[in-house]
Amino acid sequence: MLDAARAAPPDAALFSYARLLRSGDKVAAAAALKRIGNGPFDFVAGLLDAWATFDAGGDALAKLNDGRSNPVARRYVAENRALLLIAGGHADQGAVAIQALLGTDRASLDLRFNAAQLLTAKGRSDIAEALLAGNDSALAGLRRTIGDGVAPSAAFGASRLFTRLAADLSEGDPTPIVISLTRAALRLDPENDRARILLAQALVRGGGGERALATLDEIGPTSPYRETALQTRIAILNAQGDATAALAAATALSQRKEAVSADAVRVGDLLVAAERFDEAARAYELAIRRAGVAPSWTLYLQLGGALDEAGRWPEARRALERAVALAPDSPVALNYLGYARLEHGEDAAASIALLERASALRPDDSSITDSLGWAYFRRGDVGMALPMLERAARGEPANPTINEHLGDAYWSVGRRYEARYAWQAASVVAEGEDGARLAGKIANGIRTAR
(Lines give C-alpha, C1' and ligand atoms only; values in the text may rest on other atoms or scores of the structure.)
Protein backbone atom coordinates (compact mmCIF):
# COMPACT_ATOMS: atom_id res chain seq x y z
CA MET A 1 0.00 0.00 0.00
CA LEU A 2 2.83 2.39 0.84
CA ASP A 3 4.54 1.50 -2.42
CA ALA A 4 1.37 2.21 -4.38
CA ALA A 5 0.95 5.56 -2.64
CA ARG A 6 4.63 6.40 -3.26
CA ALA A 7 4.95 6.97 0.48
CA ALA A 8 7.19 4.03 1.39
CA PRO A 9 10.63 4.70 2.92
CA PRO A 10 13.62 3.85 0.69
CA ASP A 11 14.40 0.54 2.38
CA ALA A 12 10.86 -0.71 1.69
CA ALA A 13 11.83 -1.08 -1.97
CA LEU A 14 14.39 -3.69 -0.93
CA PHE A 15 11.75 -5.71 0.85
CA SER A 16 9.36 -5.38 -2.10
CA TYR A 17 12.07 -6.62 -4.45
CA ALA A 18 12.68 -9.64 -2.21
CA ARG A 19 8.98 -10.48 -2.12
CA LEU A 20 8.58 -10.17 -5.88
CA LEU A 21 11.76 -12.12 -6.68
CA ARG A 22 10.67 -14.90 -4.37
CA SER A 23 7.25 -15.03 -6.00
CA GLY A 24 8.79 -15.34 -9.47
CA ASP A 25 7.22 -12.15 -10.83
CA LYS A 26 10.22 -11.04 -12.89
CA VAL A 27 8.50 -8.05 -14.49
CA ALA A 28 7.42 -6.56 -11.17
CA ALA A 29 10.82 -7.44 -9.65
CA ALA A 30 12.54 -5.52 -12.44
CA ALA A 31 10.32 -2.51 -11.72
CA ALA A 32 11.20 -2.71 -8.01
CA LEU A 33 14.86 -2.94 -8.96
CA LYS A 34 14.51 0.28 -10.94
CA ARG A 35 13.03 2.01 -7.87
CA ILE A 36 16.01 0.84 -5.81
CA GLY A 37 18.35 2.29 -8.43
CA ASN A 38 16.69 5.68 -8.07
CA GLY A 39 17.04 5.77 -4.28
CA PRO A 40 19.80 5.94 -1.66
CA PHE A 41 20.60 2.24 -2.15
CA ASP A 42 21.42 2.82 -5.82
CA PHE A 43 24.72 0.93 -5.63
CA VAL A 44 22.81 -2.15 -4.45
CA ALA A 45 20.71 -2.13 -7.61
CA GLY A 46 23.67 -2.97 -9.83
CA LEU A 47 24.61 -5.92 -7.66
CA LEU A 48 21.04 -7.23 -7.58
CA ASP A 49 20.84 -6.79 -11.36
CA ALA A 50 24.02 -8.86 -11.75
CA TRP A 51 22.49 -11.76 -9.81
CA ALA A 52 19.23 -11.46 -11.77
CA THR A 53 21.27 -11.56 -14.98
CA PHE A 54 23.01 -14.70 -13.72
CA ASP A 55 19.60 -16.30 -13.21
CA ALA A 56 18.64 -15.35 -16.76
CA GLY A 57 21.82 -16.89 -18.17
CA GLY A 58 23.41 -13.57 -19.14
CA ASP A 59 26.82 -12.01 -18.47
CA ALA A 60 26.44 -11.19 -14.78
CA LEU A 61 29.99 -9.91 -14.34
CA ALA A 62 29.49 -7.21 -16.97
CA LYS A 63 26.75 -5.71 -14.81
CA LEU A 64 29.26 -4.94 -12.07
CA ASN A 65 31.45 -2.54 -14.03
CA ASP A 66 29.38 0.57 -13.39
CA GLY A 67 29.61 0.22 -9.63
CA ARG A 68 33.37 -0.06 -9.41
CA SER A 69 33.91 3.71 -9.34
CA ASN A 70 31.70 4.15 -6.27
CA PRO A 71 33.90 3.98 -3.14
CA VAL A 72 30.95 2.89 -0.99
CA ALA A 73 30.18 0.05 -3.37
CA ARG A 74 33.73 -1.03 -4.17
CA ARG A 75 34.00 -3.68 -1.46
CA TYR A 76 30.52 -5.01 -2.19
CA VAL A 77 31.31 -5.21 -5.90
CA ALA A 78 34.53 -7.12 -5.23
CA GLU A 79 32.80 -9.62 -2.96
CA ASN A 80 29.92 -10.25 -5.36
CA ARG A 81 32.30 -10.49 -8.32
CA ALA A 82 34.12 -13.31 -6.51
CA LEU A 83 30.88 -15.07 -5.62
CA LEU A 84 29.58 -14.74 -9.19
CA LEU A 85 32.82 -16.21 -10.53
CA ILE A 86 32.20 -19.28 -8.39
CA ALA A 87 28.51 -19.35 -9.34
CA GLY A 88 29.48 -19.21 -13.02
CA GLY A 89 31.77 -22.21 -12.78
CA HIS A 90 35.10 -20.41 -12.32
CA ALA A 91 35.77 -21.88 -8.89
CA ASP A 92 39.55 -21.49 -8.80
CA GLN A 93 39.47 -17.91 -10.04
CA GLY A 94 36.69 -17.06 -7.60
CA ALA A 95 38.55 -18.63 -4.69
CA VAL A 96 41.64 -16.53 -5.46
CA ALA A 97 39.46 -13.41 -5.50
CA ILE A 98 37.89 -14.41 -2.18
CA GLN A 99 41.28 -14.93 -0.54
CA ALA A 100 42.38 -11.44 -1.58
CA LEU A 101 39.42 -9.96 0.30
CA LEU A 102 39.70 -11.88 3.55
CA GLY A 103 40.67 -10.35 6.87
CA THR A 104 39.88 -11.19 10.48
CA ASP A 105 36.56 -9.35 10.73
CA ARG A 106 33.05 -10.76 10.87
CA ALA A 107 32.38 -9.76 7.25
CA SER A 108 35.28 -11.95 6.13
CA LEU A 109 33.87 -14.90 8.04
CA ASP A 110 30.51 -14.41 6.33
CA LEU A 111 32.21 -14.18 2.94
CA ARG A 112 34.13 -17.40 3.58
CA PHE A 113 30.95 -19.27 4.37
CA ASN A 114 28.95 -17.83 1.47
CA ALA A 115 31.72 -18.83 -0.94
CA ALA A 116 32.09 -22.25 0.67
CA GLN A 117 28.37 -22.90 0.28
CA LEU A 118 28.54 -22.15 -3.45
CA LEU A 119 31.74 -24.15 -3.91
CA THR A 120 30.29 -27.19 -2.18
CA ALA A 121 27.16 -27.04 -4.31
CA LYS A 122 29.42 -26.82 -7.37
CA GLY A 123 31.29 -29.98 -6.36
CA ARG A 124 34.43 -28.17 -5.20
CA SER A 125 34.35 -29.12 -1.53
CA ASP A 126 38.16 -29.23 -1.61
CA ILE A 127 38.35 -25.46 -2.05
CA ALA A 128 35.47 -24.96 0.38
CA GLU A 129 37.30 -26.89 3.08
CA ALA A 130 40.44 -24.83 2.50
CA LEU A 131 38.43 -21.61 2.88
CA LEU A 132 37.00 -22.80 6.18
CA ALA A 133 40.25 -24.27 7.52
CA GLY A 134 41.51 -23.08 10.89
CA ASN A 135 41.25 -23.61 14.64
CA ASP A 136 38.67 -20.91 15.20
CA SER A 137 35.53 -22.40 16.79
CA ALA A 138 33.28 -20.43 14.43
CA LEU A 139 35.04 -21.90 11.39
CA ALA A 140 34.80 -25.37 12.89
CA GLY A 141 31.05 -24.93 13.31
CA LEU A 142 30.66 -23.79 9.72
CA ARG A 143 32.68 -26.75 8.44
CA ARG A 144 30.48 -29.20 10.34
CA THR A 145 27.22 -27.83 9.03
CA ILE A 146 27.87 -26.89 5.41
CA GLY A 147 26.09 -29.98 4.11
CA ASP A 148 25.58 -30.02 0.34
CA GLY A 149 26.03 -26.28 0.05
CA VAL A 150 23.60 -23.88 -1.63
CA ALA A 151 23.01 -23.60 -5.35
CA PRO A 152 23.71 -20.13 -6.82
CA SER A 153 20.69 -18.02 -7.71
CA ALA A 154 19.44 -14.43 -7.67
CA ALA A 155 17.70 -15.22 -4.40
CA PHE A 156 20.96 -16.45 -2.85
CA GLY A 157 22.89 -13.40 -4.03
CA ALA A 158 20.24 -10.90 -2.92
CA SER A 159 19.76 -12.58 0.45
CA ARG A 160 23.48 -12.53 1.20
CA LEU A 161 23.80 -8.96 -0.08
CA PHE A 162 20.98 -7.74 2.17
CA THR A 163 22.54 -9.60 5.09
CA ARG A 164 25.93 -8.05 4.40
CA LEU A 165 24.43 -4.58 4.24
CA ALA A 166 22.47 -5.18 7.45
CA ALA A 167 25.62 -6.33 9.24
CA ASP A 168 27.45 -3.16 8.24
CA LEU A 169 24.55 -0.89 9.18
CA SER A 170 24.19 -2.63 12.56
CA GLU A 171 27.39 -0.91 13.65
CA GLY A 172 25.52 2.41 13.63
CA ASP A 173 22.32 0.95 15.11
CA PRO A 174 19.75 2.10 12.49
CA THR A 175 17.35 -0.55 13.82
CA PRO A 176 14.39 -0.14 11.40
CA ILE A 177 16.58 -0.44 8.31
CA VAL A 178 18.38 -3.49 9.69
CA ILE A 179 15.03 -5.13 10.43
CA SER A 180 13.83 -4.42 6.86
CA LEU A 181 17.01 -5.81 5.33
CA THR A 182 17.08 -8.97 7.42
CA ARG A 183 13.36 -9.61 6.86
CA ALA A 184 14.00 -9.22 3.13
CA ALA A 185 16.97 -11.59 3.33
CA LEU A 186 14.85 -14.18 5.10
CA ARG A 187 12.04 -13.75 2.60
CA LEU A 188 14.51 -14.71 -0.12
CA ASP A 189 16.15 -17.53 1.84
CA PRO A 190 14.37 -18.78 4.97
CA GLU A 191 17.48 -20.82 5.83
CA ASN A 192 19.71 -17.74 6.09
CA ASP A 193 20.32 -17.92 9.85
CA ARG A 194 23.02 -15.26 9.74
CA ALA A 195 20.24 -12.82 8.82
CA ARG A 196 18.15 -14.25 11.64
CA ILE A 197 20.90 -13.50 14.15
CA LEU A 198 21.13 -9.90 12.93
CA LEU A 199 17.33 -9.59 13.06
CA ALA A 200 17.24 -10.77 16.68
CA GLN A 201 19.94 -8.28 17.66
CA ALA A 202 18.06 -5.46 15.92
CA LEU A 203 14.79 -6.45 17.59
CA VAL A 204 16.28 -6.35 21.06
CA ARG A 205 17.82 -2.95 20.37
CA GLY A 206 14.35 -1.77 19.43
CA GLY A 207 12.86 -3.06 22.68
CA GLY A 208 11.53 -6.34 21.31
CA GLY A 209 13.37 -8.72 23.57
CA GLU A 210 10.74 -11.48 23.54
CA ARG A 211 10.46 -11.32 19.77
CA ALA A 212 14.24 -11.48 19.55
CA LEU A 213 14.34 -14.63 21.66
CA ALA A 214 11.57 -16.18 19.59
CA THR A 215 13.55 -15.39 16.44
CA LEU A 216 16.59 -17.16 17.87
CA ASP A 217 14.43 -20.19 18.66
CA GLU A 218 13.87 -20.59 14.92
CA ILE A 219 17.55 -21.49 14.48
CA GLY A 220 17.70 -25.28 14.63
CA PRO A 221 20.35 -27.55 16.15
CA THR A 222 21.95 -28.34 12.78
CA SER A 223 22.32 -24.70 11.71
CA PRO A 224 25.84 -23.33 11.21
CA TYR A 225 24.76 -20.42 13.39
CA ARG A 226 23.34 -22.50 16.23
CA GLU A 227 26.29 -21.72 18.50
CA THR A 228 26.03 -18.00 17.76
CA ALA A 229 22.31 -18.16 18.49
CA LEU A 230 22.92 -19.73 21.89
CA GLN A 231 25.52 -17.10 22.76
CA THR A 232 23.26 -14.29 21.53
CA ARG A 233 20.43 -15.60 23.69
CA ILE A 234 22.66 -15.29 26.77
CA ALA A 235 23.59 -11.73 25.84
CA ILE A 236 19.94 -10.78 25.33
CA LEU A 237 18.83 -12.30 28.62
CA ASN A 238 21.60 -10.47 30.44
CA ALA A 239 20.81 -7.18 28.69
CA GLN A 240 17.17 -7.54 29.72
CA GLY A 241 18.21 -7.84 33.35
CA ASP A 242 17.50 -11.56 33.70
CA ALA A 243 20.96 -12.40 35.02
CA THR A 244 19.76 -15.69 36.55
CA ALA A 245 18.48 -17.03 33.24
CA ALA A 246 21.58 -15.76 31.43
CA LEU A 247 23.87 -17.53 33.90
CA ALA A 248 21.85 -20.75 33.69
CA ALA A 249 22.06 -20.71 29.89
CA ALA A 250 25.80 -19.95 29.95
CA THR A 251 26.42 -22.72 32.49
CA ALA A 252 24.56 -25.20 30.32
CA LEU A 253 26.78 -24.31 27.36
CA SER A 254 29.91 -24.66 29.46
CA GLN A 255 28.90 -28.07 30.72
CA ARG A 256 28.65 -29.61 27.26
CA LYS A 257 31.14 -32.24 26.26
CA GLU A 258 32.39 -30.07 23.40
CA ALA A 259 32.61 -26.89 25.51
CA VAL A 260 35.65 -24.68 24.94
CA SER A 261 37.58 -22.12 26.96
CA ALA A 262 35.36 -19.24 25.84
CA ASP A 263 32.30 -20.98 27.31
CA ALA A 264 33.88 -21.01 30.75
CA VAL A 265 34.97 -17.39 30.38
CA ARG A 266 31.39 -16.39 29.64
CA VAL A 267 30.26 -18.05 32.87
CA GLY A 268 33.05 -16.36 34.79
CA ASP A 269 32.12 -12.93 33.45
CA LEU A 270 28.49 -13.37 34.50
CA LEU A 271 29.55 -14.55 37.96
CA VAL A 272 31.80 -11.50 38.36
CA ALA A 273 28.85 -9.27 37.44
CA ALA A 274 26.86 -11.08 40.14
CA GLU A 275 29.74 -10.55 42.61
CA ARG A 276 30.17 -14.31 43.06
CA PHE A 277 33.93 -14.04 42.84
CA ASP A 278 35.00 -17.43 44.20
CA GLU A 279 32.80 -19.19 41.66
CA ALA A 280 34.05 -16.86 38.95
CA ALA A 281 37.63 -17.79 39.79
CA ARG A 282 36.78 -21.46 39.38
CA ALA A 283 35.24 -20.72 35.99
CA TYR A 284 38.38 -18.89 34.85
CA GLU A 285 40.57 -21.75 36.12
CA LEU A 286 38.48 -24.10 33.99
CA ALA A 287 38.94 -21.77 31.02
CA ILE A 288 42.71 -21.92 31.50
CA ARG A 289 42.69 -25.72 31.63
CA ARG A 290 40.58 -25.89 28.49
CA ALA A 291 42.94 -23.51 26.69
CA GLY A 292 45.58 -26.24 26.70
CA VAL A 293 49.29 -25.56 26.45
CA ALA A 294 49.07 -21.88 25.52
CA PRO A 295 46.43 -20.07 27.57
CA SER A 296 46.09 -16.36 26.90
CA TRP A 297 47.46 -13.86 29.41
CA THR A 298 43.97 -12.36 29.55
CA LEU A 299 42.68 -15.52 31.23
CA TYR A 300 45.21 -15.10 34.04
CA LEU A 301 44.27 -11.43 34.31
CA GLN A 302 40.60 -12.34 34.71
CA LEU A 303 41.48 -15.06 37.20
CA GLY A 304 43.63 -12.66 39.20
CA GLY A 305 40.87 -10.07 39.26
CA ALA A 306 38.29 -12.56 40.53
CA LEU A 307 40.63 -13.92 43.19
CA ASP A 308 41.48 -10.41 44.32
CA GLU A 309 37.81 -9.50 44.65
CA ALA A 310 37.27 -12.74 46.56
CA GLY A 311 39.86 -11.66 49.14
CA ARG A 312 42.45 -14.21 48.05
CA TRP A 313 45.31 -11.82 47.32
CA PRO A 314 48.31 -14.22 47.43
CA GLU A 315 46.63 -16.42 44.79
CA ALA A 316 45.56 -13.34 42.84
CA ARG A 317 49.10 -11.98 42.80
CA ARG A 318 50.44 -15.24 41.37
CA ALA A 319 47.83 -15.17 38.60
CA LEU A 320 48.53 -11.53 37.79
CA GLU A 321 52.28 -12.14 37.76
CA ARG A 322 51.67 -14.98 35.33
CA ALA A 323 49.71 -12.59 33.10
CA VAL A 324 52.62 -10.13 33.10
CA ALA A 325 55.09 -12.94 32.41
CA LEU A 326 53.06 -14.01 29.37
CA ALA A 327 52.55 -10.42 28.18
CA PRO A 328 55.42 -8.30 29.54
CA ASP A 329 54.55 -5.42 27.20
CA SER A 330 50.84 -5.35 27.94
CA PRO A 331 49.93 -2.00 29.55
CA VAL A 332 46.72 -3.54 30.92
CA ALA A 333 48.49 -6.39 32.70
CA LEU A 334 51.25 -4.14 34.04
CA ASN A 335 48.73 -1.59 35.29
CA TYR A 336 46.54 -4.17 37.00
CA LEU A 337 49.41 -5.85 38.83
CA GLY A 338 51.09 -2.56 39.78
CA TYR A 339 47.91 -0.95 41.11
CA ALA A 340 46.79 -4.09 42.95
CA ARG A 341 50.16 -4.48 44.66
CA LEU A 342 50.02 -0.84 45.69
CA GLU A 343 46.52 -1.22 47.14
CA HIS A 344 47.61 -4.29 49.09
CA GLY A 345 50.49 -2.38 50.67
CA GLU A 346 53.28 -4.21 48.91
CA ASP A 347 56.61 -2.78 47.74
CA ALA A 348 55.74 0.72 46.50
CA ALA A 349 58.89 1.07 44.41
CA ALA A 350 58.21 -2.18 42.53
CA SER A 351 54.59 -1.18 42.02
CA ILE A 352 55.57 2.22 40.66
CA ALA A 353 58.07 0.60 38.31
CA LEU A 354 55.29 -1.56 36.84
CA LEU A 355 52.99 1.44 36.47
CA GLU A 356 55.71 3.56 34.87
CA ARG A 357 56.25 0.84 32.28
CA ALA A 358 52.51 0.71 31.61
CA SER A 359 52.34 4.50 31.27
CA ALA A 360 55.31 4.59 28.91
CA LEU A 361 53.59 2.01 26.69
CA ARG A 362 50.23 3.79 26.75
CA PRO A 363 50.74 7.42 27.81
CA ASP A 364 47.26 8.57 26.79
CA ASP A 365 45.35 5.96 28.81
CA SER A 366 43.55 7.85 31.58
CA SER A 367 43.18 4.82 33.84
CA ILE A 368 46.89 4.07 33.70
CA THR A 369 47.74 7.74 34.20
CA ASP A 370 45.49 7.73 37.28
CA SER A 371 47.15 4.59 38.65
CA LEU A 372 50.62 6.09 38.33
CA GLY A 373 49.52 9.44 39.74
CA TRP A 374 47.89 7.69 42.68
CA ALA A 375 51.05 5.69 43.27
CA TYR A 376 53.09 8.90 43.43
CA PHE A 377 50.50 10.37 45.82
CA ARG A 378 50.69 7.31 48.06
CA ARG A 379 54.47 7.70 48.10
CA GLY A 380 54.04 11.32 49.23
CA ASP A 381 55.10 12.95 45.98
CA VAL A 382 52.07 15.21 45.49
CA GLY A 383 53.96 17.47 43.09
CA MET A 384 54.32 14.56 40.66
CA ALA A 385 50.89 13.15 41.42
CA LEU A 386 48.59 16.12 41.02
CA PRO A 387 49.24 16.97 37.34
CA MET A 388 48.82 13.32 36.40
CA LEU A 389 45.55 12.97 38.30
CA GLU A 390 44.24 16.18 36.72
CA ARG A 391 45.15 14.88 33.26
CA ALA A 392 43.44 11.57 34.00
CA ALA A 393 40.27 13.36 35.14
CA ARG A 394 40.22 15.43 31.95
CA GLY A 395 40.48 12.22 29.94
CA GLU A 396 37.72 10.41 31.85
CA PRO A 397 35.58 13.04 33.60
CA ALA A 398 32.89 10.49 34.53
CA ASN A 399 35.27 8.00 36.21
CA PRO A 400 34.48 7.92 39.95
CA THR A 401 37.81 6.40 41.03
CA ILE A 402 39.86 9.01 39.16
CA ASN A 403 37.79 11.89 40.56
CA GLU A 404 38.05 10.54 44.09
CA HIS A 405 41.82 10.25 43.80
CA LEU A 406 41.98 13.80 42.44
CA GLY A 407 39.84 15.05 45.32
CA ASP A 408 42.09 13.39 47.89
CA ALA A 409 45.16 14.99 46.28
CA TYR A 410 43.54 18.44 46.24
CA TRP A 411 42.56 18.11 49.91
CA SER A 412 46.11 17.17 50.88
CA VAL A 413 47.46 20.47 49.51
CA GLY A 414 44.70 22.59 51.04
CA ARG A 415 42.57 23.06 47.90
CA ARG A 416 39.39 22.18 49.79
CA TYR A 417 36.82 23.65 47.39
CA GLU A 418 38.32 21.81 44.40
CA ALA A 419 38.56 18.62 46.46
CA ARG A 420 34.84 18.69 47.24
CA TYR A 421 34.08 19.48 43.61
CA ALA A 422 36.04 16.38 42.49
CA TRP A 423 34.38 14.19 45.13
CA GLN A 424 30.98 15.50 44.06
CA ALA A 425 31.77 14.58 40.47
CA ALA A 426 32.74 11.10 41.62
CA SER A 427 29.56 10.70 43.68
CA VAL A 428 27.33 11.26 40.64
CA VAL A 429 28.09 7.76 39.33
CA ALA A 430 29.31 6.03 42.51
CA GLU A 431 27.18 3.33 44.12
CA GLY A 432 26.83 1.53 47.45
CA GLU A 433 29.75 1.83 49.82
CA ASP A 434 31.59 4.10 47.40
CA GLY A 435 28.74 6.59 47.47
CA ALA A 436 28.60 6.56 51.27
CA ARG A 437 32.34 7.08 51.55
CA LEU A 438 32.26 10.01 49.15
CA ALA A 439 29.33 11.57 50.99
CA GLY A 440 31.41 11.46 54.16
CA LYS A 441 34.33 13.15 52.44
CA ILE A 442 32.14 15.87 50.98
CA ALA A 443 30.66 16.58 54.38
CA ASN A 444 33.74 16.24 56.58
CA GLY A 445 36.83 16.15 54.39
CA ILE A 446 39.63 13.76 55.28
CA ARG A 447 42.13 13.99 58.09
CA THR A 448 45.00 12.33 56.25
CA ALA A 449 45.67 11.13 52.73
CA ARG A 450 44.43 7.61 52.16
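General remarks:
- Just one of the listed residues (Phe162, Phe156) is within 27 Å of Asp55 (Cα to Cα), among the aromatic types (Phe, Trp, Tyr) and touching a Ser or Thr at 6+ places or on another chain (Cβ under 9 Å), namely Phe162.
- Candidate set from the range 382-407 (those that are open to solvent by 50 Å² or more (accessible area, probe 1.4 Å) and among the charged types (D, E, K, R)); member that is farthest from the chain's Cα centre (by Cα): Arg391
- Of all residues making up the range 8-37, the number that are in contact (Cβ under 8 Å) with a residue 60 or more places away in the chain and either in contact with a strand residue (DSSP E or B) (Cβ under 7 Å, 6 or more places away or on another chain) or closer than 21 Å to Asn80 by Cβ (or both): 7
- Total residues in the range 347-375, condition in contact with a Lys or Arg (Cβ under 8 Å, 6 or more places away or on another chain) and open to solvent by 20 Å² or more (accessible area, probe 1.4 Å): 4
- Filtered residue count, the range 355-370, keeping only those that are farther than 9 Å from Pro331 by Cβ and in a helix (DSSP H, G or I): 6
- Residue within the range 342-359 that is aliphatic (A, V, I, L, M) and within 24 Å of the chain's Cα centre (by Cα) present: no
- Just one of the numbered conditions (1) buried (at least 20 other Cβ atoms within 10 Å of the Cβ); (2) farther than 27 Å from Asp263 by Cβ; (3) of a type in the set (A, V, I, L, M, F, W, C) is not true of Leu169: (1).
- Within the range 402-436, the set of residues being farther than 18 Å from Tyr376 by Cβ and touching a Leu at 6+ places or on another chain (Cβ under 7 Å) comprises Trp423, Ala426, Ser427, Ala430.
- Output for the range 146-165, where each listed residue is of a type in the set (A, V, I, L, M, F, W, C) and outside any helix (DSSP H, G or I): Ile146, Val150, Ala151
- Helices (runs of 4 or more DSSP H) enclosed by the range 372-429 - at least 2 residues per element that are at pLDDT 95 or above and closer than 22 Å to His344 by Cα: 382-395, 400-412
- Among the residues listed as Tyr336, Tyr410, the single one being crowded, with 20+ Cβ neighbours inside 10 Å and over 28 Å from the mean Cα position of the chain (by Cα): Tyr410
- Whether a residue is within 18 Å of the chain's Cα centre (by Cα), at pLDDT 90 or above, surrounded by 18 or more Cβ atoms within 10 Å (Cβ to Cβ) and polar (S, T, N, Q) was assessed, and Thr232 passes this test.
- Cβ-Cβ distances below 8 Å connect the following pairs, each with a first residue in the range 130-159 that is on the phi > 0 side of the Ramachandran plot and open to solvent by less than 30 Å² (accessible area, probe 1.4 Å), a second residue that is in a loop (DSSP other than H, G, I, E, B) and modelled with pLDDT of 85 or more, and a separation of six or more residues or different chains: Gly149/Lys122.
- Taken as a whole, the range 88-104 holds at least one residue that is acidic (Asp, Glu) and open to solvent by 20 Å² or more (accessible area, probe 1.4 Å).
- Residue match in the range 258-275 (condition: of a type in the set (Lys, Arg) and open to solvent by 50 Å² or more (accessible area, probe 1.4 Å)): no
- Residue in the range 38-53 that is among the charged types (D, E, K, R) and touching a residue at least 40 places away in the same chain (Cβ under 8 Å) present: no
- Of all residues in the range 430-447 being among the basic types (Lys, Arg) and assigned to a helix (DSSP H, G or I), the one that is most open to solvent (accessible area, probe 1.4 Å): Arg437
- Filter result for the condition that a residue is in contact with a Phe, Trp or Tyr (Cβ under 8 Å, 6 or more places away or on another chain) and among the aliphatic types (A, V, I, L, M), over Ala349, Ala419: Ala419
- Which numbered condition Leu2 fails, given (1) within 27 Å of Leu119 (Cβ to Cβ); (2) of a type outside the set (S, T, N, Q); (3) surrounded by fewer than 19 Cβ atoms within 10 Å (Cβ to Cβ): (1)
- Scanning the range 9-28 for residues that are open to solvent by less than 30 Å² (accessible area, probe 1.4 Å) and either of a type in the set (S, T, N, Q) or farther than 17 Å from Ala56 by Cβ (or both) gives Asp11, Ala12, Ala13, Leu14, Ser16, Ala18.
- Here Gly241 meets the list (1) over 20 Å from Ala115 (Cα atoms); (2) crowded, with 17+ Cβ neighbours inside 10 Å almost entirely, failing just condition (2).
The values are calculated or read from the model by the stated rules, or taken from the named source; none is laboratory data. What you are looking at is a predicted structure, and each value in this text was computed from that prediction instead of being measured. A quick note on method: Cβ atoms are made from the backbone with ideal geometry, for glycine too, and the neighbour counts reach across all protein chains shown. Just so you know, the surface numbers come from the protein's heavy atoms only, side chains and all, with ligands and any DNA or RNA stripped out. Shrake-Rupley method; radii C 1.70, N 1.55, O 1.52, S 1.80 Å.
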